[in-house]
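Notes follow the structure.
The values are calculated or read from the model by the stated rules, or taken from the named source; none is laboratory data. Since we're looking at a predicted model, the values are computed, not measured. Note that each Cβ is placed from the backbone with ideal geometry, even for glycine, and that neighbours are counted across all protein chains shown. Please note that ligands, DNA and RNA were not included when accessible areas were found on the heavy atoms of the full protein model with its side chains. Shrake-Rupley method; radii C 1.70, N 1.55, O 1.52, S 1.80 Å.
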Amino acid sequence: MKKHILILFVALLLPTMVLAKIKVLASIVPVYNIAQAITGDKAELIVVVPPGASPHTFSPKPSQVRDFAQADVFLQVGAGLEFWADKLVEASGNKKMVIVNFTKGMKLIQNDSDGDKNESGNPHIWLDPVRAAGMAKKICSGLVTADKKNKTYYQNNLEKFLKELNTLNKKTAAEVAKFKIKEFVEFHPAWSYFALRYKLKEAGVIEETPGREPSPKKVLALVKKIKQAGIKAIFAEPQLSPKAAEVIAKEAGVKVLILDPLGKIKDGKINGYISNFEDNIKIMKEAMK
Ligand SMILES: [Zn+2]
């Protein structure tokens, strides 16, 4: 009789034991995408800032505290990008969660124009595939800390993804080298690390801090710069209002291109890191060739 109860107990428990996955929170879509390449189906992965929203203007729902309370790992860029995250972590009371911060200890670009300086540095490191590779390595370490039994699985996925990033970097370098126009104006400093990696020049930034509209003086200065440098396009973004970009583009007689530094829903699911990156290059190429 005892034996039967034991068998029944094991039979009931076993599926939940096998299916128990760690819960991983990724702050933004690009982090979700890089993490997805490594977790495969071994973790429950959740993105905090949903596709279509901007981390710069995001305000979390009270219900999201629960995700933080249950998470085993939280992946964040840092450098002030997730200005809303500390409160969630604190409110969750989750002390055993592994927190991975990608920019901690990293030398960051300091964008500074009009004295409008970001104290902690530019956080948009994921738009450089070489830095994205560093992010992938840190994600893998964080996953292994929280979930040792799947170490080999995560490490194999990491190796595979690093190769894909390496190929993407080489392809992009070759593509960008063919651009005739090397300067661009961007809506906010999302493309700084991209520009540094591929030797392009950020001729101007419309909103150093998203949501803070440029002064009329700054608009005039940008229009002048665009005309002088022969710039053909302004990069705007689907997550932030293109209004200011449209005013400047109209004044300077150039196009507004919508590039996506974060990633959106495509074919019913979140567009992957490599796919979103390649989509951006395609759009950029049209304006810069
Ligand atoms: Zn941004």
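Key figures for this structure:
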| quantity | calculated |
| --- | --- |
| 1.4 Å probe accessible area per residue over the range 176-288, in Å² | 49 |
| Rg to Rh quotient for the chain, alpha carbon positions, Kirkwood Rh | 1.05 |
| Carbon/sulfur fraction of accessible area - the range 16-170, other protein chains in place, 1.4 Å, % | 52 |
| Crossing angle, helix 29-39 versus the chain [Cα axis fit, 0-90 degrees, rounded to tens] | 40 |
| The range 178-226 - percent of accessible surface contributed by carbon and sulfur, probe 1.4 Å | 58 |
| Value at 222 nm in deg cm²/dmol, rounded to 500, when DSSP H runs of n ≥ 4 in the chain each add -39,500 (n - 2.57) | -15000 deg cm²/dmol |
| Cα→Cβ-extended label distance, 7 Å offset, between GLU213 and ILE258, nm | 2.1 |
| For the chain, built as a Gaussian network whose Cα springs stay under 10 Å, the top-fluctuating residue of SER27, SER54, SER215 | SER215 |
| Rounded to the nearest 10 Å², the accessible area of ILE274 at probe 1.4 Å | 30 |
| For the range 16-170, accessible area per residue (1.4 Å probe, heavy atoms of protein chains only), Å² | 49 |
| Out-of-range pairs (alpha-carbon distance over 27 Å; input LYS138/LYS289; LYS107/LYS201; LYS178/LYS232; LYS163/LYS255) | LYS138/LYS289; LYS163/LYS255 |
| Sequence ranges 61-69, 258-266, ranked by mean other-Cβ count within 10 angstrom, highest first | 258-266, 61-69 |
